[in-house]
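Working notes, beginning with the structure itself.
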Amino acid sequence: DADGANARRVFDCVAPCFVADNPAWSPDGRTLAFVTWGGSNPATLSLLDLEAGAITTIVTEQNPSGFLRPRWSPDGRRIVLEHQTWTGGADEQIVDSTIGIVDLDAKTPAFTPLTTPEMWATYPDWHPTGDLIVFSTRPWRELDDGPSNLYTITPDGAGLAALTDFGPGETRAVQPTWLPDGSGVIF
């Protein structure tokens with residue numbers, strides 16, 4: 001409950017699962033989208049029906065790739081999320097990051113990228129009307145002083161537009177979230 005009472009476990013991430021993360025409520029509040037990954041196991045985007053306790057794996061990606069930060073479209077028919085690729089091994093590093101859409105109404109749902117890997121797109125969030133997605137960029141090879149900016153894109157991958165224009169060593173725009181009325185972005 002919102003007051004901290006009545007906590008209950010809804011998913012056990014047990015071996016071979018290493019991490020269950022980034023839960024996101026469906027618009028109707030009945031389902032959680034979440035991601036799992038770890039070790040040599042495939043990364044997944046899954047849905048948990050809270051009433052039935054049933055888990056449905058929607059998309060699977062083989063290691064060393066994985067999903068992060070799923071967010072439901074306002075109509076509950078699509079999920080936008082981040083996809084990362086890593087080098088693997090002991091010195092594991094991120095190679096690239098894209099954002100994309102999973103259409104839950106598709107016969108075989110799949111991750112469809114909206115951005116190119118070179119853009120390093122991350123932290124996507126749906127506009128309340130469902131016609132726009134905000135995200136930030138992050139130059140992973142320049143963690144401390146590289147620029148990070150906000151962009152919007154339409155769910156079909158068109159209309160890419162920059163919202164900020166910070167350079168190296170300047171403010172970093174990260175982790176954007178639309179205001180509930182869609183009039184602005186918190187970051």
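The values are calculated or read from the model by the stated rules, or taken from the named source; none is laboratory data. Note that this is a predicted model, so its numbers are computed, not measured. Every residue, glycine as well, gets a Cβ built from its backbone with ideal geometry; the counts of neighbours run over all protein chains shown. Just the protein is used for accessible areas: all its heavy atoms, side chains included, with ligands, DNA and RNA removed. Shrake-Rupley method; radii C 1.70, N 1.55, O 1.52, S 1.80 Å.
A few notes on this one:
- Proximity of backbone amide H atoms, modeled 1.01 Å from N, is registered between Leu114 and Ile99, Gly100, Ile101 at under 5 Å, excluding neighbours fewer than 5 places apart on the same chain.
- Sequence-ordered 3J(HN,Hα) estimates for the stretch 2-18 from the Karplus curve with 6.51, -1.76 and 1.60 and θ = phi - 60° stand at 4, 8, x, 7, 6, 5, 8, 7, 10, 8, 9, 8, 10, 3, x, 5, 9 Hz, glycine and proline given as x.
- The calculated Kirkwood hydrodynamic radius for the stretch 20-110 is 13.5 Å, given to one decimal from all distinct C-alpha pairs.
- The chain, accessible surface, carbon-and-sulfur percent (1.4 angstrom probe): 50 percent
- Using the Cβ-Cβ distance between Glu118 and Ile186 with R0 = 30 Å, the FRET efficiency computed as 1/(1 + (r/R0)^6) comes to roughly 0.65.
- Placing +1 on the Cβ of every Lys and Arg and -1 on the Cβ of every Asp and Glu, with no other charges, gives the stretch 12-106 a dipole of roughly 120 debye about its Cα centre.
- Pair Thr177, Asp131: separation of 7 Å Cα→Cβ label points (nm): 2.5 nm
- For the stretch 71-187, the convex hull drawn through the C-alpha positions has a volume of 107 cubic angstrom per residue.
- Per residue accessible area in Å² of the chain, where ligands, DNA and RNA are left out and the probe is 1.4 Å: 54 Å²
- Ordering of 159-172, 125-138 by packing [mean C-beta count within 10 Å, highest first]: 125-138, 159-172
- Placing dummy labels 7 Å off each Cα toward the beta-carbon, the span from Ala54 to Ala158 is 3.7 nm.
- ³J(HN,Hα), Karplus 6.51/-1.76/1.60, whole Hz, each residue of the stretch 153-170, x for Gly, Pro: 8, 7, x, 9, x, 9, x, 4, 9, 7, 9, 10, 9, 8, x, x, x, 9
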